[in-house]
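Participant: Below you'll find the structure I mean.
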Amino acid sequence: MTVRSARPADLPELAELVAATPLWQRYGVTVGSANAALEGALEHAEVVLAAEQHGRLEGLAWVQPLAGFGRSPYLKWLGVAPGETGRGLGRELLVEAERAARAFRPELLLLCSDFNGDGQRFYERNGYVRIGALADYVLTGVAELIYFKRF
């Protein structure tokens, strides 16, 4: 498996991956909105990483350099293709996202939905500390849990 910077030609496949993920479906993300968001990320020189394995893109990470309170790198998206979880791909993407974040500040901030127990356990296993929650921030009835890690 290789984690590399995403190229414009990768965006349609990455958008399909995002739109096929139940978590992002709950937030109303479509192929079109994911593609537009990723295009904007590349246009603004944000970090978009693609995990490639066996000639297919199977995961992505998106780091916005100073989007966390205007100071900290923010992990906007981290995802693995449905059916590809549990094999270390998410961990590999997170390591590379952290490496990219270090170029800006020695820390990383992210949000994790309160209903995403697997995500919460994943981030905690990887050294992230829950520092707060934003009730009804994106979806009514859902709290976005704030996680932080200083390197």
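Participant: When residues of the stretch 105-132 are filtered for being small (Gly, Ala, Ser) and loosely packed, with under 13 Cβ neighbours inside 10 Å, how many remain?
Facilitator: Here the count works out to 2.
Participant: Continuing with this model, one more query. Given the criteria of a type in the set (Asp, Glu) and either in a strand (DSSP E or B) or farther than 17 Å from residue 24 by Cβ (or both), does residue 39 qualify?
Facilitator: Considered against the rule, which asks whether it is of a type in the set (Asp, Glu) and either in a strand (DSSP E or B) or farther than 17 Å from residue 24 by Cβ (or both), residue 39 comes out as no.
Participant: Could you list all residues from the stretch 80-102 that are of a type in the set (Val, Ile, Thr) and surrounded by fewer than 18 Cβ atoms within 10 Å (Cβ to Cβ)?
Facilitator: 85, 95 - these are the residues of the stretch 80-102 that are of a type in the set (Val, Ile, Thr) and surrounded by fewer than 18 Cβ atoms within 10 Å (Cβ to Cβ).
Participant: Quick check on my filter: what residues within the stretch 1-28 are part of a loop (DSSP other than H, G, I, E, B) and either within 14 Å of residue 78 (Cα to Cα) or in contact with a strand residue (DSSP E or B) (Cβ under 9 Å, 6 or more places away or on another chain) (or both)?
Facilitator: 1, 6, 7, 20, 21, 27
Participant: If I ask for residues that are free of Cβ contacts under 8 Å to residues at least 40 places away in the same chain and within 15 Å of the chain's Cα centre (by Cα), which ones from the stretch 125-151 would you list?
Facilitator: Matches in the stretch 125-151: 126, 128, 144, 145, 146, 147.
Participant: Being more than 20 Å from residue 11 (Cα to Cα) and in contact with a Pro (Cβ under 7 Å, 6 or more places away or on another chain): is that true of residue 122 here?
Facilitator: no
Participant: Confirm whether residue 73 is surrounded by fewer than 18 Cβ atoms within 10 Å (Cβ to Cβ) and closer than 18 Å to residue 149 by Cβ.
Facilitator: When the stated conditions are applied, residue 73 does not pass them.
Participant: Tell me the residue from 34, 6, 41, 19 that is at pLDDT 95 or above and in contact with a Ser or Thr (Cβ under 9 Å, 6 or more places away or on another chain), please.
Facilitator: 19
The values are calculated or read from the model by the stated rules, or taken from the named source; none is laboratory data. Just so it is clear, the model here is predicted, and its values are computed rather than measured. Glycine also receives a Cβ, built like all others from the backbone with ideal geometry; neighbour counts cover every protein chain displayed.
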